[in-house]
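Only the coordinates and a few stated rules stand behind these numbers; no lab work does. These numbers were taken from a predicted model, which means no experiment stands behind them.
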């Protein structure tokens, strides 16, 4: 079975978020996730949007926005 690059990047971002902070950690912004995973920011934003729509993650909009 082949996994798409988008799915692989989504898993990588989720694993990174889980390994860096834990359950009650600080929210992460796209910049910190990009630096930690190496995923391009525009592509990561698309992935996070999809994960938010599926209610896998929670996000906060705005200049202080973050992924929870």
Length gain on complete extension for the stretch residue 45 to residue 59, per 0.36 nm per residue less the alpha carbon to alpha carbon distance? 3.9 nm
Report relative contact order for the range 5-67 in percent, whole number only (criteria: Cα-Cα under 8 Å, sequence separation at least 6). 35
Please determine, in degrees from 0 to 90 and to the nearest 10, the orientation of helix 5-20 with respect to the longest principal axis defined by the Cα atoms of the chain, where the helix direction is its Cα long axis. 40
Three-way shape call for the range 5-67 based on the alpha-carbon gyration tensor, with the a/c threshold at 1.5: rounded
To test your reading of the geometry: what angle, between 0 and 90 degrees and rounded to tens, separates the Cα axis of helix 41-53 from the longest principal axis of the chain? 80
